[in-house]
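The structure appears below as structure tokens.
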Amino acid sequence: MRFHAERQDTSAHLVLYGSNLVRIPPEIGAMAGLEEFTPYTSHRLHWFPYELTRCGGLRRSTVSTRSLYGNFKLRPPFPELRPRPDATGEPDPGVWGATVIRTCSVCDRPIGEAGPSQVWISLRVATDVLPLLVNACSPACIQALPPAAEGYGSGPLNPP
């Protein structure tokens, strides 16, 4: 699957049923026409990028919640977020959720040389509460996040 941040995608339904994906890139936020999101039984997906909240038309989702971090029933904990990479190092996609983090998940401004601050948050997206990884450019953007879904929490912020 390939995402293009440069264009506005008009796909109405993204089906990932039973995929082996381990992460969804933040560029999913450019899918303005997305109405339905189905990653059901994609058991290697434990979280999603915060940019999924930018899909304003998203109304329906089908997610296997038992595989998700911080889910309501099983509560697997959010993993600890590691310190930011130094300015010369590339982010590890397994830790940072992407090979390159260019913009803030919250305000969409460029991320500075120091790299993003990360935090976990559980929010209702379409019909499910999802664990979302936020890559923020500043403490102000972290403060601007909405409250976590009722009965769910947020995870730790990565060390500065």
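From the list 160, 79, 156, pick out the single residue that is at pLDDT below 70, surrounded by 11 or more Cβ atoms within 10 Å (Cβ to Cβ) and more than 24 Å from residue 34 (Cβ to Cβ). Give the derivation first.
Working: 160 fails: surrounded by 11 or more Cβ atoms within 10 Å (Cβ to Cβ); 79 fails: at pLDDT below 70.
Matching residue, one of 160, 79, 156: 156.
Can you tell me how many residues in segment 47-65 are open to solvent by 40 Å² or more (accessible area, probe 1.4 Å) and modelled with pLDDT of 85 or more? It would help to see each step written out before you state the result.
Step one: list which residues in segment 47-65 are open to solvent by 40 Å² or more (accessible area, probe 1.4 Å), which gives 53-54, 56, 59-60, 62, 65.
Narrowing the set further to residues that are modelled with pLDDT of 85 or more leaves 53-54, 56, 59-60, 62.
Result for segment 47-65: 6.
Per-residue answers, yes or no, for (1) within 15 Å of the chain's Cα centre (by Cα); (2) of a type in the set (Val, Ile, Thr):
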| site | (1), (2) |
| --- | --- |
| 22 | yes, yes |
| 28 | yes, yes |
| 31 | yes, no |
| 37 | yes, no |
| 48 | yes, no |
| 60 | no, no |
Quick check on my filter: what residues within segment 27-46 are small (Gly, Ala, Ser) and open to solvent by less than 40 Å² (accessible area, probe 1.4 Å)? 29, 30, 33, 42
Which condition does residue 68 not pass, out of (1) modelled with pLDDT of 80 or more; (2) open to solvent by 30 Å² or more (accessible area, probe 1.4 Å), if it passes all the others? (2)
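The values are calculated or read from the model by the stated rules, or taken from the named source; none is laboratory data. These numbers come from a predicted model, not from an experiment. A quick note on method: Cβ atoms are made from the backbone with ideal geometry, for glycine too, and the neighbour counts reach across all protein chains shown. Please note that ligands, DNA and RNA were not included when accessible areas were found on the heavy atoms of the full protein model with its side chains. Shrake-Rupley method; radii C 1.70, N 1.55, O 1.52, S 1.80 Å.
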